[in-house]
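Taking it in order: structure first as structure tokens, then the write-up.
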Amino acid sequence: MALLAEAWRHRGHLEARLDPLGRASPARVAELDPAFYGLPPGSEAALRAVYGGSIGWEFSYIHDRARRDWLQAQAEAPAAPDSRIQRDLLALLKRGQAFEETLQGRLPGAKLFGLAGGDGFLVAVETIFRASLRAGVEEVVMGGMHRGRFALLAVLLEKPLVPLIAEITGKSPLPQGMQASSDVPYHLGYSGEREIDGKRLRLTVSPHPSHLQVIGVVAQGRTRGKQALRGEDGKRQVLPLLLHTDASFAGQGIVAELFQLSKVAPFDLGGTIHVIINNQLGFTTLPEEGRSARYCTDIAKLVEAPVLHVNGDDVEALYHAASVAAAYRTRFGSDILLDIVCYRRHGHNEIDEPRFTQPAMYRAIDERPPLAALYQASLAQRGVDTAPGEQAAADMTAAVKAAFDGAAGFEVNDAGSFHGIWQGFRSGSAADMLAFTETGLPIDTLKAIGRSLTTAPDGFTLDRKVARFLDQRRESIETGQGIDWATGEAMGFASLLAEGTPLRFGGQDSLRGAFTQRHLFIHDSASEKRHCVLDPLAQQGGALCEVFNTPLIEYAVLAYEYGCSLTDPRRLIVWEAQFGDFLNIAQAIFDQFVAGGEDRWLRSSGLTILLPHGLDGGGPDHSTGHPERLLAACAQGNIQIANVSTPANFFHLLRRQMRRDFRKPLVVLTPKALLRQKACVSALAEFGPGTGFQPLIPDSAAQKAQRLILCTGKIYYELAAERAARGLESQVALARIEQLYPLPEEGLRALFAAHAGADLVWCQEEPANMGYFTHLDRPLEALSGRTLRCVSRPAVPSPATGLKYGHEAERKAVLDAALSGLD
């Protein structure tokens with residue numbers, strides 16, 4: 001054992017043993033020479049146990065001695081499958097090969113992204129399924145890839161072949177009459193069950209976009225949501241299994257973010273198993289062109305995850321490595337990676353020609369028999385009956401041919417979107433999103449919530465400023481006057497928890513608030529103990545309450561929270577960016593999933609995103625949530641965009657999100673300066689019975705005004721103050737559009753009719769080429785029958801100036817342009 005441990009410290013991997021094509025560079029191949037590893041003569045047997053087989057074990061960097069010792073023991077005692085398992089593995093490979101060859105034969109020239117050359121992937125994943133099921137796993141949530149997607153669905157997930165072939169041949173996966181864009185077949189997901197050894201295993205593979213690695217984090221979010229629903233046993237019962245290819249795993253930055261999150265408590269899943277199909281090639285890019293790291297898996301060392309590099313053409317080594325991976329995750333609750341070193345028999349897809357760029361590699365591939373044939377010959381030589389494998393291939397071939405016949409007349413009757421925990425929900429329309437929902441509460445209930453939110457545990461010594469903050473919050477609720485933004489938000493969260501609605505709220509510095517406005521956790525100044533002010537009400541309602549700060553990561557965190565939102569429609573899930581423009585870093589998640597997920601994959605989400613927004617003189621980087629980008633993604637009732645101007649309206653917006661029978665993503669452009677704006681307060685009555693969210697707040701003072709100014713958000717208060725200073729209250733009406741999509745068309749028509757002769761102005765603080773007007777001008781003109789004039793800052797490349805005096809000059813110019821020229 002000591003000799004073997006010493007060998008690991010010197011880390012010389014026999015990489016030639018791991019490449020089915022035997023092409024490893026001599027410079028990277030160490031001889032089995034004890035001297036090379038600094039070991040004494042006679043150590044050859046120990047070295048051969050580690051480096052002489054088809055698995056390269058990487059774990060010397062793990063600090064935990066117990067984990068290293070356990071992995072070392074697994075390396076020294078490989079689990080050889082018995083003859084029954086050997087026959088099953090051969091049958092599995094034969095079914096996979098027969099499926100893909102029959103499919104390709106019927107669809108020549110189609111992009112199928114077949115598994116050929118990486119067939120051992122089937123062995124690894126099937127082994128993980130079976131070993132995990134024996135360990136108590138009841139559900140596996142997968143994030144996948146194009147490569148081998150159809151074989152995964154047909155052979156491992158046992159998706160019925162007729163609908164699968166119908167999708168592959170281009171038939172719509174939607175019920176007749178349903179309007180959605182859908183996606184290419186190798187992006188679609190699936191959920192189903194398999195019976196294995198008398199037990200049921202739930203299997204889900206998430207739909208994904210072409211940029212593959214993002215789906216792994218989405219799948220992890222789905223896993224977290226499913227684990228939460230199961231309670232204390234969730235981590236043991238639900239396994240995240242992420243499927244990758246080498247080039248994207250090594251190249252895409254979200255992988256590093258994924259690992260950085262993996263042991264942070266609100267994202268910890270009890271370990272993820274990662275399986276990499278290592279083609280030893282990107283699209284046409286060689287490893288030395290695609291990464292600086294020695295191995296495509298090296299980023300996993302960030303969290304000391306062990307890596308098992310396996311020769312993809314050694315079936316029994318794959319079986320052993322996959323068994324170890326499942327056992328490691330069960331035993332240690334941590335990530336582990338299987339790097340299946342294999343090849344692509346075809347190019348990037350079946351119509352791509354790889355011989356243009358890798359001629360030598362593909363000469364070796366062309367000469368190599370398929371894995372099923374190699375393993376069949378090996379078993380036959382050892383006297384194992386291979387007839388069941390031949391029968392499995394024949395059965396699969398016949399089943400695929402029959403499925404092609406059945407697919408011609410196949411029609412989808414149910415999209416499967418609202419089953420299970422989603423039972424009773426539906427896909428809401430734009431009209432549904434505008435319907436009034438009463439969300440107010442009895443005054444006594446609101447005051448009780450306020451008292452709970454402002455009461456520290458007995459014996460807590462509070463910072464004097466925090467104590468004053470709680471006192472002022474309690475006074476505003478008790479008196480019913482001057483309730484500020486953060487208090488309205490806290491009451492929204494707390495009221496939902498008290499009613500039994502779970503909450504998951506995270507973001508960058510969100511517990512205190514980036515602007516010191518929130519204080520959801522209060523701290524004992526002496527002991528540094530923490531108390532979440534929401535917890536007593538969560539306990540009262542029996543609701544799970546997760547509120548937390550996140551790492552300074554946007555891309556992976558938003559992907560994770562989106563995934564979590566897919567799992568439980570009865571849980572409010574909120575992500576807050578530190579500043580609105582931090583969404584830039586997660587723009588792909590917003591575009592492909594938040595805005596497009598329902599249209600592409602029929603997956604509803606109630607994810608709420610808070611983007612602090614407003615030009616306050618903070619410079620280009622902290623001023624905008626880019627509403628122009630948000631509005632550009634709006635169509636067919638896919639999402640809600642709001643810029644709310646009162647604490648009470650924000651309270652109702654949060655509660656409305658959970659009090660309807662459909663779910664749509666909600667993006668709120670939240671305030672910064674308004675957090676302490678004395679005019680931006682609400683009375684307790686505005687939270688009371690009969691009240692609800694107002695998508696449009698007209699001006700109740702000005703009737704038949706000479707000018708009607710429409711606006712949204714913070715600039716309303718600046719316009720109102722300037723209007724009062726000029727004595728224009730009777731001449732200028734100010735109307736706030738609180739919900740920017742879908743537009744409150746009925747209310748706007750009534751507003752325009754009430755000011756039939758008025759000059760119409762849209763006023764925004766954002767530059768003319770940003771903000772709202774470029775997306776709202778045509779709808780507003782259509783509703784009013786008149787032309788609107790836009791008042792804004794001039795068009796500029798950057799969202800805002802960083803010069804204090806320039807900012808103030810621009811602000812005054814906008815207000816003057818909006819309010820001047822009146823009789």
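Observations
- When shorter helices are ignored and each DSSP H run of at least 4 residues is given -39500 (n - 2.57), the per-residue value for the chain at 222 nm works out to -11500 deg cm²/dmol.
- Probe 1.4 Å - accessible area at D414, Å² to nearest ten: 90
- Whole-angstrom gap from region 609-685 to region 524-545, using each part's C-alpha centre: 26
- Measuring between their Cα centroids, region 205-238 and region 48-108 lie 24 Å from each other.
- Amide proton proximity set for L441, modelled H, under 5 Å, gap of 5+: G688
- Accessible-area order (highest first, 1.4 angstrom probe) of the listed residues W422, W575: W422, W575
- Distance cut-off 18 Å, percentage of C-alpha pairs in region 639-724 lying past it: 50
- Subset of K111/K171; K159/K199; K199/K263; K94/K199 violating a 20 Å alpha-carbon distance limit: K199/K263; K94/K199
- The shape of region 156-276 comes out oblate: with a ≥ b ≥ c from the C-alpha gyration tensor, a/c is at least 1.5 while a/b does not beat b/c.
- Entry note: region 664-823 has Rg to Rh equal to 0.95, where both radii use alpha-carbon atoms and Rh is the Kirkwood radius.
- Global form of region 615-661, assessed from the alpha-carbon gyration tensor, a/c cut-off 1.5: oblate
- Å³ per residue enclosed by the Cα convex hull of region 366-420: 179
- Between region 250-308 and region 464-515, the C-alpha centres lie 40 angstrom from each other.
- Region 707-787, dipole about Cα centre (Lys/Arg Cβ +1, Asp/Glu Cβ -1), debye to the nearest 20: 160
- Sparse-neighbour loop sites [trypsin sites (Lys or Arg not before Pro); region 100-142; at most 12 other C-beta within 10 Å; DSSP]: none
- Ranking by accessible area, most exposed first, for S645, S527 with a 1.4 Å probe: S527, S645
- Pairwise inverse Cα distances across the chain, averaged and inverted, put the Kirkwood hydrodynamic radius at 29.5 Å.
- Whichever aspartates and glutamates have a C-alpha closer than 19 Å to that of K804, once near sequence neighbours (fewer than 8 apart) are set aside: D616, D621, E718, E765, E766, D816
- Helix 214-230 axis versus longest C-alpha principal axis of the chain: approximately 80°, rounded to the nearest ten.
- Quarter of Cα convex hull surface for region 406-523, i.e. mean projection, nm²: 12.6
- At q = 0.13, 0.19 Å⁻¹ the log10 of I(q)/I(0) for region 481-630 amounts to -0.65, -1.25, computed by Debye summation with a single uniform scatterer per C-alpha, solvent ignored.
- For region 502-584, the mean projected area of the C-alpha convex hull, equal to one quarter of the hull surface, is 6.3 nm².
- Three-way shape call for region 237-322 based on the alpha-carbon gyration tensor, with the a/c threshold at 1.5: oblate
- Rg to Rh quotient for region 259-308, alpha carbon positions, Kirkwood Rh: 1.05
- For V310, the residues 5 or more places off, or on other chains, whose built amide H falls under 5 Å of its own are G56, D339, I340, V341.
- In this calculation the C-beta distance from A750 to K529 is compared with R0 = 41 Å, giving a FRET efficiency of 0.15.
- Neighbourhood charge, 11 Å Cβ-Cβ cut-off, centred on Y186 and excluding it, Lys, Arg +1 and Asp, Glu -1: +1
- The chain: angle of helix 387-407 to the longest principal axis, Cα-based, in degrees nearest 10: 40
- The residues of the chain expose on average 38 square angstrom of accessible surface per residue, using a 1.4 Å probe on protein heavy atoms.
- Across q = 0.12, 0.13, 0.16, 0.18 Å⁻¹, region 300-452 modelled as identical point scatterers on its alpha-carbon atoms has Debye log10 I(q)/I(0) values of -0.99, -1.06, -1.20, -1.21, in the order of the q list.
The values are calculated or read from the model by the stated rules, or taken from the named source; none is laboratory data. Being a predicted model, the structure only gives us computed values, none of them experimental. Here the Cβ is made from the backbone with ideal geometry for all residues, glycine too, and neighbour counts use every protein chain on show. With ligands, DNA and RNA removed, areas are computed over all heavy atoms of the protein, side chains included. Shrake-Rupley method; radii C 1.70, N 1.55, O 1.52, S 1.80 Å.
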